[in-house]
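Right, one structure below, let's go through it.
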Amino acid sequence: MNLKDNKNYEKFDVIIVGAGPGGTTSALALAKAGLKVALFERGELPGQKNVSGGILHYSEHLDRLIPQFWKEAPVERYVTKYKTTVLSSKTSLSFSLKNDEFGKPPYNGYTVLRPKFDKWFAMKAQEAGALLIPETTVTDFIFDKDKKIIGVKTDREDGYLYSDLVIVADGVNSLLSKKAGLRSDFIPEKISVAAKEVLEIPKSVLENRFNLKENEGLAHLFMGEATQGVEGGAFLYTNKTSLSIGVVGKLTSLQECKISIADLLEKFKNLNMIKELIQNTTIKGYSGHLIPEGGIGMVPKLYGNGILVVGDAAGLVCTTGLTIEGMNFAIGSGAVAADVAVSSKKAKDFSERFLSKYGKQLRESFVLSDLKAYRKFTGILENPRIYNVYPSILCETVSNFYKVDGKPKRNIRSLLWKQVKDKVSCLTFIKDAIQIARAILWK
């Protein structure tokens with residue numbers, strides 16, 4: 001298409017698709033660098049359709065763009081307590097970490113409500129000069145005769161916009177990166193779905209119930225019976241005057257167990273332990289979200305002629321079983337994409353060859369470095385025994401250790417092996433133990 005043929009022609013340096021943390025980071029950094037930027041958001045407001053996460057871990061990139069961002073960002077609480085609970089049918093076993101240093105700036109992690117945070121973050125990009133275009137879906141790219149991307153097509157009438165570069169940040173089910181030929185369909189076994197509710201609770205009740213001081217927060221993860229045999233986990237995060245509670249399950253496992261993610265959340269909330277934690281609360285909202293959990297093996301090609309891919313759209317989520325990190329990976333990749341875009345603008349080169357610097361810089365950053373370091377955890381988390389057999393073994397072993405019945409007490413090793421032999425073969429247990437040890441101790 002000849003640019004002059006389009007009556008609504010407008011040329012930007014960079015078009016960004018998706019106003020989540022990754023896309024907005026790019027928009028803010030590029031606007032601060034003086035580039036002309038358009039930021040598309042399909043929702044009425046940024047964050048309205050982006051409901052992932054719960055914890056924003058400290059981001060050096062965000063701190064550079066907005067020094068001491070936590071002073072003005074709508075963060076809820078500073079996470080000083082991390083707790084993991086393993087559930088069996090009748091027992092719960094918890095491990096807890098409390099670190100007072102996490103409650104001092106720069107804070108280690110913040111609970112956030114994404115509609116508030118994303119709206120604020122996009123406003124900062126607008127203040128820097130980025131043009132936010134909400135309620136608009138980017139449906140395809142505009143290509144030149146050499147197959148280089150030179151703009152986007154939208155669902156608006158005559159909605160063609162042109163640019164030197166397009167940064168794709170349209171989420172895990174990224175149709176645009178597929179249309180650009182950078183990836184094929186994600187494998188269902190590598191995708192999980194999360195369901196989350198926000199439960200309103202008075203501030204004083206919340207702090208007393210979870211033993212928190214002013215502004216302190218708790219991140220509580222649950223394994224085992226929490227997901228009724230579905231491969232996944234559950235979570236509860238404290239906000240200022242609400243709780244974020246939810247479950248995560250692999251799509252294929254949900255299908256095999258013949259349960260919906262909504263039903264799984266209800267079953268989790270009805271566990272006795274959870275009932276006590278959420279009593280006398282009121283539901284404020286419900287949301288769902290897809291999560292790419294394939295690790296570094298799921299990361300597609302990240303660049304092409306006139307295009308870069310960031311955040312969930314690039315599969316940049318790190319899952320270890322105890323944590324799921326996505327927002328800081330989106331911010332990190334968005335910042336690196338912006339750096340490369342500025343360099344490309346100066347060089348007047350938006351070719352795939354030049355933009356390959358993005359892949360190199362990501363490998364040197366924490367983003368791909370962490371995904372590589374934890375790549376072996378992906379195999380562990382694909383083992384169904386992690387979600388049903390081993391939580392039961394662990395809970396029953398510890399429970400029997402504390403049990404007093406008038407009989408001679410067996411040592412912990414004997415108690416463990418009895419549970420192992422009752423539930424899984426010794427050879428399988430040893431193989432699984434070796435796999436876990438390798439993931440933890442060796443790169």
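Filtering the range 59-96 to residues that are on the phi < 0 side of the Ramachandran plot and open to solvent by 80 Å² or more (accessible area, probe 1.4 Å) leaves 60, 64, 67, 71, 72, 89, 90, 95, 96.
Against the conditions (1) closer than 30 Å to residue 91 by Cβ; (2) of a type outside the set (D, E, K, R); (3) out of contact with any Asp or Glu (no Cβ under 6 Å at 6 or more places or on another chain); (4) open to solvent by 60 Å² or more (accessible area, probe 1.4 Å), residue 297 satisfies every one except (1). On inspection, residue 391 does not qualify as closer than 22 Å to residue 232 by Cβ, under 33 Å from the mean Cα position of the chain (by Cα) and modelled with pLDDT under 90. When the residues of the range 172-197 are narrowed to those that are farther than 15 Å from residue 301 by Cα and buried (at least 18 other Cβ atoms within 10 Å of the Cβ), which ends up modelled with the lowest pLDDT? Looking at the filtered set, the residue picked out is 190.
Residue check: is residue 30 surrounded by fewer than 23 Cβ atoms within 10 Å (Cβ to Cβ), touching a helix residue (DSSP H, G or I) at 6+ places or on another chain (Cβ under 9 Å) and either farther than 22 Å from residue 318 by Cβ or of a type in the set (Asp, Glu) (or both)? So residue 30 does not fit the description; no.
Could you list, in sequence order, the residues of the range 275-290 that are in contact with a strand residue (DSSP E or B) (Cβ under 8 Å, 6 or more places away or on another chain) and surrounded by fewer than 21 Cβ atoms within 10 Å (Cβ to Cβ)?
Step one: filter the range 275-290 for residues in contact with a strand residue (DSSP E or B) (Cβ under 8 Å, 6 or more places away or on another chain), giving 277-278, 281-290.
Hits for the range 275-290 are 277, 278, 281, 282, 283, 284, 285, 286, 287, 288, 290.
The set of residues from the range 97-152 being open to solvent by 50 Å² or more (accessible area, probe 1.4 Å), closer than 30 Å to residue 236 by Cα and in contact (Cβ under 8 Å) with a residue 60 or more places away in the chain comprises 115, 116, 119. Only helices (runs of 4 or more DSSP H) whose full extent lies in the range 356-417 are considered here, and the ones with at least 1 residues that are open to solvent by 80 Å² or more (accessible area, probe 1.4 Å) are 357-364, 366-373, 389-402. Listed by first and then second residue, the pairs linking a residue in the range 334-356 that is under 14 Å from residue 309 (Cβ atoms) to a residue that is hydroxyl-bearing (Ser, Thr, Tyr) and open to solvent by 50 Å² or more (accessible area, probe 1.4 Å), with Cβ atoms under 7 Å apart and 6 or more places separating them unless they lie on different chains, are 352/303; 355/303; 356/303. For the range 418-429, the set of residues classified as open to solvent by 80 Å² or more (accessible area, probe 1.4 Å) and either polar (S, T, N, Q) or closer than 20 Å to residue 224 by Cα (or both) consists of 418, 421, 422, 423, listed by residue number.
In the list 43, 22, which residue meets the criterion of being closer than 12 Å to residue 170 by Cα, at pLDDT below 95 and open to solvent by less than 10 Å² (accessible area, probe 1.4 Å)?
Values: 22 fails: at pLDDT below 95.
Checking each option against the conditions leaves just 43.
Return a yes/no flag: does the range 419-430 have any residue that is basic (Lys, Arg) and more than 29 Å from residue 324 (Cβ to Cβ).
Just the residues of the range 419-430 that are basic (Lys, Arg), to begin with: 421, 423.
In the following step, the residues that additionally are more than 29 Å from residue 324 (Cβ to Cβ) were identified as 421.
Yes: the range 419-430 contains one or more residues that are basic (Lys, Arg) and more than 29 Å from residue 324 (Cβ to Cβ).
Of the residues making up the range 213-227, those that are open to solvent by 30 Å² or more (accessible area, probe 1.4 Å) and touching a strand residue (DSSP E or B) at 6+ places or on another chain (Cβ under 9 Å) are 213, 215, 221, 223, 225.
The values are calculated or read from the model by the stated rules, or taken from the named source; none is laboratory data. Model, not experiment: these values are computed from the prediction. When we count neighbours, we look across all protein chains shown, and the Cβ atoms used for this are built from the backbone with ideal geometry, even at glycine. For the accessible areas, the whole protein counts, side chains as well, though only heavy atoms, and no ligand, DNA or RNA atoms are used. Shrake-Rupley method; radii C 1.70, N 1.55, O 1.52, S 1.80 Å.
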